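Down below is the structure, laid out as structure tokens.
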Amino acid sequence: MPSPNHPNRFDSELTGVSCSSVSSCVAVGIASLPNVDQNPVVRTLIERWNGRSWTITTSPAPSGFADYNSLAGVSCTTEHCEAVGFYYYRYRNIRADTLRLSGFISR
């Protein structure tokens with residue numbers, strides 16, 4: 001089953017997926033868009049599987065501006081998902097990022 005592309009983005013990539021059942025999965029990755037100087041601005045991407053189709057969900061970002069926000073992996077239980085990644089600004093100050101994704105699990 002194909003997953004949707006993020007609207008207004010020229011490239012997207014899913015880097016991790018986890019399922020708590022056959023009808024409840026979460027996939028994470030990146031969606032990018034070129035900025036004025038042609039360096040891509042990359043944002044987190046989260047998609048949810050409900051047993052029939054994938055949908056893009058709202059993805060939180062770290063506070064402050066960052067050129068690159070990435071989610072690299074996800075692990076789900078029947079209660080919630082944990083996603084990990086990193087972010088940086090102008091290829092400096094790389095920081096780890098973790099997210100607890102509540103309300104993503106279908107029961």
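The values are calculated or read from the model by the stated rules, or taken from the named source; none is laboratory data. On a predicted model such as this, the values are computed, not experimentally measured, just so you know. Glycine gets a Cβ as well: all are built from the backbone with ideal geometry, and neighbour counts include every protein chain shown.
Can you tell me which residues in region 86-107 are surrounded by 11 or more Cβ atoms within 10 Å (Cβ to Cβ), under 21 Å from residue 24 (Cβ atoms) and modelled with pLDDT of 75 or more?
Across region 86-107, the qualifying residues are 99, 101.
Can you say whether residue 75 is modelled with pLDDT of 80 or more, in contact with a Cys (Cβ under 8 Å, 6 or more places away or on another chain) and among the polar types (S, T, N, Q), as far as the supplied structure shows?
Yes, satisfied.
When you go through 48, 43, 52, 9 one by one, which is the residue that is in a loop (DSSP other than H, G, I, E, B) and at pLDDT 70 or above?
Testing whether each residue is in a loop (DSSP other than H, G, I, E, B) and at pLDDT 70 or above leaves just 52.
Could you check region 40-58 and list, in sequence order, the residues that are in contact (Cβ under 8 Å) with a residue 40 or more places away in the chain and among the charged types (D, E, K, R)?
47, 48
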